[in-house]
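Worksheet: one structure, shown below.
The values are calculated or read from the model by the stated rules, or taken from the named source; none is laboratory data. No experiment lies behind these values; they were computed from the predicted model shown. Counting neighbours? That spans all protein chains shown, and the Cβs are built from the backbone with ideal geometry, glycine included.
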Amino acid sequence: MQVDIHAPYKDRVNQALSDPNLRVAVSKATDRMTNARLASMGAVEGQLLRTQVRKMKEHVLSNWPDYLEQLETNLTRNGCTVHWAGGIADAQAIVKDIALQNSANLVVKAKSMATEEIHLNHALEQAGLRVVETDLGEYIIQLADEPPSHIVAPVIHKRLEEIAEVFQEKLDMPPTREPTKMTSLARARLREEFFAAGMGVSGCNFAIAETGTICIVTNEGNGRMVSSMPRVYVAVMGIEKLVPTVEDAFLQLQALCRSATGQQLTVYCSMTSGPRQQGDVDGPEQVHVVLLDNGRSRMLARGYGEALLCIRCGACLNACPVYQEIGGHAYGGTYNGPIGAVISPALAPEIAQFKELPHATSLCGACREACPVKIDLPRLLLDLRSDLVQEGASPKTEAWGIKSYASLMNSRRMYENLGKMASIGSNLYAGMSGGNIKFMPPPLNGWTAYRDFAPFAPKSFREWWRQRSKMRGQK
Amino acid sequence: MTVRDTILSRLREALQQPHLPFPPAHSEPLTHTERMTVTHVDGDIWAQAHRFAQELHAVKGSCELLETVTEARLSVVSRLQLWLEEEQAARKTADAERPEDWDVLCWPLDQLQIEGLPLILEEVGFKLIQPTDLHDPEQRERIRYVRAGITTVEAAFASTGSFVVGGRGPNARAASLTPFRHLVVIPFSRLYATGEDWLAQMRHAGKLDAYLRHSRNLSIITGASKSADLEGNLTTGVHGPKVVHAILFDDLQQ
Ligand code: SF4
């Protein structure tokens, strides 16, 4: 069953939980990526690498506007055109205009979260252009008309037989589940598109401020294709994707690859510093860079700047027990997993737009341990919950419940009496339903919807302790 | 105010807030002396060459280590002949022999530092395709079905089995990208223990910044094009070359 990302949060989660294929596919892939990351980071001084990348990124954010200006100056000096986009509409209009001005009716795209964030495909298609995703995973989900469900592995939720069905239906592939044949077919089809496209679009994994260089990281080579074959190349980058120097870029590249897929380096890191010059055989004649804010400056001002350290490796998704159960679509936004649960609300004009996401966590801390830049994601999730309460966005019953709990915990007598009542009541009820409680009334029915509830112990710990101390005293 | 100025002033205002929890008010950049080298490689140039071969092998590439330029010359020719035979055998049809099988997309061969290579390749029958403008539809069409490409490198890193190819002047980016097979010629003089070593030497020589800018495009390549998007099944040759073969030769003795 496909998760409807426009459905309410609870429905999305229920849809995801009732899809057995999804759980098998997601946990198989996330386990594989987590093991690869652990081996790869363990093979080098992984902790030092994390500390250094974090230090470098912290320095960038402390001097953020200066580095942006430096990048802009150097890109311009190299012959690139720099555009600034405040939000989604700005960014869509900029890219659309570039395409229309160059009569680029066919646009080939490399995988990019920033362009997902601005719903670029939809905007370009509305303008009458054809857009083709060229990362194999993105190509599959474009054919299946679904959004990506993981930052680095967009089709992680689909099993091989489901992908084969998509290829048979949309590409007229003869029935096969042979991965090599499916890849060859995609290569042949997409090669035609690369040769015919008028414009290539990618995101940007990081941009080097000192040289004005846009870096994109891929394993398939589609990043090199989109930035080399068409006459026009556009990179859309979040304004936080900056590194100061070439050496910093190489350091971050290694942290990114090791954390994302466990590779020492991905197959391709393509670094573009400018358009083709006279005498060059190939390369784009125009290079455009769109610097996208879309809530990032607001996120800093709101106090969630630490999440801007994110290098989009996906390790926190792979480590998260909640993501492993529900996959990416249940989060409902562009970004999913623990980092999505932080940045979707933090980037949005109103945190309350994604008010359920800060609760889509067990707060186990696995994400923080996995993160190559040591982002304290559990703390940020708690901060978001607290902001939601301050803004009055959390349900009234929840605020009332917490207040009652606080007064209960402040009065020993009330606490003990309530404990006694709960013990008597729950044991009576459990006795009637054969040992465990199988149903509780709202709001507690969320628990019994999936599991039994054990009755309270007949004696509280305090009572037991008091009796034990008495007996010892008697001895 | 322009969008640019609005964004920059928002960032400046936010950073001036007295109790902003992040980022720290004073944070130093990473210095060249403290920045770590992630993967280390010890030993002389031959030890480094062996490490390169081992690492490239681990990422679905293959490699030959040769002692002289003469051996390298012969190796290039025999590798291309072997590939040609493989291609024709795989086709198994009446048109097993196609004239375009002999086409090789390449950079100017004087750059490969193997004297006499163009001559011997042409003698054997290979046609060396050196496009001048790949936005010209005719030239673009000419390279579409070329199955092999030859390039050299700007630098290669033993620690990861990676190499750096540039993309300016007569050096087509396409030569290491569009063919199914990529033959990469690496003289020992361009082999470095690590990427960090190469960057340090370029920085020390004061060339790094200008080099990157003027290159327009540099690609660090580590193995054969691949994907695990089909439920974790590793497939190669997704968009870039499926076969990557490196010929390393010792040019330091000469
Ligand atoms: S938060 Fe950390 S682990 Fe998660 S995607 Fe970002 S960098 Fe990777």
Any chance residue A:356 is surrounded by fewer than 21 Cβ atoms within 10 Å (Cβ to Cβ) and away from the ligand (no atom under 13 Å from the Cβ): yes
In segment B:213-241, the residues that are facing chain A (nearest Cβ under 7 Å), surrounded by fewer than 24 Cβ atoms within 10 Å (Cβ to Cβ) and not in a strand (DSSP E or B): B:213, B:215, B:231, B:232, B:237
Wholly within segment A:73-145, helices (runs of 4 or more DSSP H) carrying at least 2 residues that are under 20 Å from residue A:207 (Cβ atoms) and over 21 Å from the mean Cα position of the chain (by Cα): A:88-101
Qualifying residue in segment B:61-76 (condition: out of contact with any helix residue (DSSP H, G or I) (no Cβ under 9 Å at 6 or more places or on another chain) and on the phi > 0 side of the Ramachandran plot): no
Residue match in segment A:337-346 (condition: in a loop (DSSP other than H, G, I, E, B) and within 17 Å of residue A:16 (Cα to Cα)): no
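Of all residues in segment A:290-310 being of a type in the set (D, E, K, R) and buried (at least 21 other Cβ atoms within 10 Å of the Cβ), which is farthest from the ligand (Cβ to nearest atom)?
Among them, the one singled out is A:293.
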Residue within segment A:149-164 that is more than 11 Å from every other protein chain (Cβ to nearest Cβ) and touching a Gly at 6+ places or on another chain (Cβ under 9 Å) present: yes
The one condition in (1) outside any helix (DSSP H, G or I); (2) more than 10 Å from the ligand (Cβ to nearest atom); (3) crowded, with 21+ Cβ neighbours inside 10 Å that residue A:313 fails to fulfil: (2)
Cβ pairs under 7 Å, 6+ apart, first in segment A:373-398 and within 30 Å of residue A:41 (Cβ to Cβ), second more than 16 Å from the ligand (Cβ to nearest atom) and of a type in the set (A, V, I, L, M, F, W, C): A:384/A:351
Segment A:34-68, subset at the interface with chain B (Cβ under 7 Å from one of its Cβ atoms) and without any contact (Cβ under 8 Å) to a residue 24 or more places away in the chain, residue surrounded by the fewest Cβ atoms within 10 Å (Cβ to Cβ): A:48
Candidate set from segment A:170-219 (those that are of a type in the set (S, T, N, Q) and either in a loop (DSSP other than H, G, I, E, B) or more than 23 Å from residue A:266 (Cβ to Cβ) (or both)); member that is modelled with the lowest pLDDT: A:176
Qualifying strands (runs of 3 or more DSSP E) (wholly inside segment B:110-211; at least 2 residues being touching a Lys or Arg at 6+ places or on another chain (Cβ under 9 Å)): B:148-152, B:155-157, B:162-166, B:181-187
Conditions (1) within 15 Å of the ligand (Cβ to nearest atom); (2) more than 14 Å from chain B (Cβ to nearest Cβ); (3) not in a helix (DSSP H, G or I): number failed by residue A:381: (3)
Test: residue A:375 is in contact with a Cys (Cβ under 6 Å, 6 or more places away or on another chain) and within 14 Å of the ligand (Cβ to nearest atom): no
Matching residues in segment B:74-91 - criterion: being among the charged types (D, E, K, R) and at pLDDT below 95: B:85, B:86, B:87, B:91
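Residue-by-condition table, conditions (1) surrounded by 11 or more Cβ atoms within 10 Å (Cβ to Cβ); (2) within 21 Å of residue A:320 (Cβ to Cβ); (3) outside the structural domain of residue A:256 (by TED's automatic domain parsing):
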position: A:382; (1), (2), (3): yes, yes, yes
position: A:392; (1), (2), (3): no, no, yes
position: A:405; (1), (2), (3): no, no, yes
position: A:411; (1), (2), (3): yes, no, yes
position: A:422; (1), (2), (3): yes, no, yes
position: A:436; (1), (2), (3): yes, no, yes
position: A:455; (1), (2), (3): yes, no, yes
position: A:459; (1), (2), (3): yes, no, yes
Exclusive hit being away from the ligand (no atom under 16 Å from the Cβ) and among the hydrophobic types (A, V, I, L, M, F, W, C), set A:204, A:269: A:269
